[in-house]
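These notes concern the structure reproduced below.
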Amino acid sequence: MNSEVIQLVQHSWAKVTPIASQAAALFYRNLFTLDPSLKSLFQGDMEEQGKRLMEMIGTAVQKLDNLETVVPVLRSLGKRHVRYGVKEEHYQTVGTALLTTLAQGLGEHFTPQVKEAWTLVYGVMADVMMKAAYHNA
Ligand code: HEM
């Protein structure tokens, strides 16, 4: 992950944080449109859940230039997700929902470069979580 990718992701995320609660709501709407069956996995208060999701993405985004510090956090997050009933293939759907949400939230700032940078960053995060959760790695 090079410094251009990191900058693109950090700068675009800074534009999302002021509208974090709307973005979280939008994210779940996109996710459940893509796969309504995922609704049943979410037991808790969706507003609270949305906040935690945004905080976790924010934490990882802040630490992109020092990713090894977040890797253990992502690994245990991935393992906890197995208990929430999350399957490996769901990560693809969540990634699509996230990118759609960013496109809606960022509008003209969602350039092809920003899209590519987020695809890479989400891919890395999801990979760490999935490897820990399903491949004992
Ligand atoms: C980079 C990817 C992801 C991040 C950063 C993330 C983040 C989080 C966080 C911070 C929580 C709060 C609970 C905890 O800390 O254990 C959580 C819970 C949860 N996540 Fe994720 N998540 C990701 C991927 C996914 C995927 C692929 C699914 C599949 C649908 C999913 C479904 C859930 C569910 C069902 C819960 C529990 C909700 C409840 O208790 O009602 N997440 N996630």
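The values are calculated or read from the model by the stated rules, or taken from the named source; none is laboratory data. This is a predicted model, so every value here is computed, not measured. Counting neighbours? That spans all protein chains shown, and the Cβs are built from the backbone with ideal geometry, glycine included.
Could you tell me whether the range 18-37 includes any residue that is under 23 Å from GLU4 (Cβ atoms) and either out of contact with any strand residue (DSSP E or B) (no Cβ under 7 Å at 6 or more places or on another chain) or modelled with pLDDT under 95 (or both)? No, the range 18-37 contains no residue that is under 23 Å from GLU4 (Cβ atoms) and either out of contact with any strand residue (DSSP E or B) (no Cβ under 7 Å at 6 or more places or on another chain) or modelled with pLDDT under 95 (or both).
ALA103 satisfies every condition listed in (1) surrounded by 15 or more Cβ atoms within 10 Å (Cβ to Cβ); (2) in contact (Cβ under 8 Å) with a residue 40 or more places away in the chain except (2). Candidates VAL71, VAL5, VAL61: the one that is within 13 Å of the chain's Cα centre (by Cα), surrounded by 13 or more Cβ atoms within 10 Å (Cβ to Cβ) and among the aliphatic types (A, V, I, L, M) is VAL61. Scanning the range 118-137 finds one or more residues that are more than 9 Å from the ligand (Cβ to nearest atom), small (Gly, Ala, Ser) and not in a helix (DSSP H, G or I). Take the conditions within 16 Å of ILE57 (Cβ to Cβ) and either among the basic types (Lys, Arg) or within 12 Å of the ligand (Cβ to nearest atom) (or both) and apply them to TYR91. Does it pass? Considered against the rule, which asks whether it is within 16 Å of ILE57 (Cβ to Cβ) and either among the basic types (Lys, Arg) or within 12 Å of the ligand (Cβ to nearest atom) (or both), TYR91 comes out as yes. In the set LEU38, LEU77, LEU53, only one residue is out of contact with any Pro (no Cβ under 9 Å at 6 or more places or on another chain), within 9 Å of the ligand (Cβ to nearest atom), hydrophobic (A, V, I, L, M, F, W, C) and closer than 17 Å to ALA20 by Cβ; that residue is LEU53. Considering (1) under 29 Å from GLN43 (Cβ atoms); (2) out of contact with any Ser or Thr (no Cβ under 8 Å at 6 or more places or on another chain); (3) not charged (D, E, K, R), say which one ALA132 fails and leave the rest. Status for ALA132: all satisfied but (2). Checking each residue in the range 56-69 for being in contact (Cβ under 8 Å) with a residue 40 or more places away in the chain and more than 9 Å from the ligand (Cβ to nearest atom) picks out GLY58, VAL61, GLN62, LEU64, ASP65, LEU67. If you go through the range 24-63 and keep only what is among the basic types (Lys, Arg) and under 17 Å from TRP118 (Cβ atoms), you end up with just LYS63.
Taking every residue in the range 121-137 that is under 24 Å from VAL5 (Cβ atoms) and pairing it with any residue that is outside any helix (DSSP H, G or I) and small (Gly, Ala, Ser), at least 6 positions away or on another chain, the pairs with Cβ-Cβ distances below 8 Å are LYS131/ALA137.
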